[in-house]
Amino acid sequence: MIKIIEILIDDILNDAAACSELINEALRRNPALHVTGVCANESMIFVSLEDTGSPPEMIQYRLAELSELDKDLIAAELKSRYYAGFRALGSFISGNSVWALFAGPINQSAAK
């Protein structure tokens with residue numbers, strides 16, 4: 001089974017926490033689902049959720065601004081967040097910024 005969550009980029013820019021909660025709530029309603037990818041067009045992101053047959057993950061998902069459009073900054077931010085316990089699952093560009101969907105342990109605070 002696959003489920004696609006569509007989120008407008010403008011909505012993310014206005015309230016990233018609420019948009020993140022859409023993803024987390026979908027996973028709480030169906031614990032068999034896992035986030036498996038993120039795609040984007042010019043106005044929307046598409047988060048794919050799949051039933052992978054594995055046990056539910058104890059993970060929270062957060063949409064957050066990653067960095068400016070600079071390859072060195074992007075790499076540094078990805079490494080910094082990785083060492084803080086978060087992994088980037090996908091990204092999109094809005095204006096002069098890169099945003100990403102991050103996964104991290106539930107007991108940690110959200111990515112910046």
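Let me check I've understood the local charge: for residue 59, count other residues with C-beta under 13 angstrom from its C-beta, Lys and Arg +1, Asp and Glu -1. What total comes out? Display every interim value, and only then the final one.
Numbers: positive: 28, 62, 87; negative: 57.
The answer is +2.
Along the charge dipole of the stretch 49-109, which of 63, 95, 49 sits closest to the positive end, that is, farthest toward it, with unit charges on the beta carbon of Lys, Arg, Asp and Glu (+1, +1, -1, -1)?
Of the options given, the answer is 63.
Which percent of the accessible heavy-atom area of the stretch 1-83 goes to carbon and sulfur, probe 1.4 angstrom?
Carbon plus sulfur share of accessible area: 54 percent.
Show log10 I(q)/I(0) for the stretch 1-49 at q = 0.25, 0.32 Å⁻¹, two decimals, from a solvent-free Debye sum over equal Cα scatterers.
Debye output, listed in q order: -0.94, -1.25.
Whole number in Å², please: accessible area per residue of the stretch 43-93, 1.4 Å probe, ligands, DNA and RNA not counted.
Here the residues of the stretch 43-93 average 60 Å² of exposed surface.
First obtain the Kirkwood hydrodynamic radius of the chain from its Cα pairs, then insert it into the Stokes-Einstein equation at 4 °C and 1.567 mPa s, and state the resulting D in µm² per second as a whole number.
D = 91 µm²/s.
The values are calculated or read from the model by the stated rules, or taken from the named source; none is laboratory data. Since this is a predicted model, take the numbers as computed values, not measurements. Every residue, glycine as well, gets a Cβ built from its backbone with ideal geometry; the counts of neighbours run over all protein chains shown. Please note that ligands, DNA and RNA were not included when accessible areas were found on the heavy atoms of the full protein model with its side chains. Shrake-Rupley method; radii C 1.70, N 1.55, O 1.52, S 1.80 Å.
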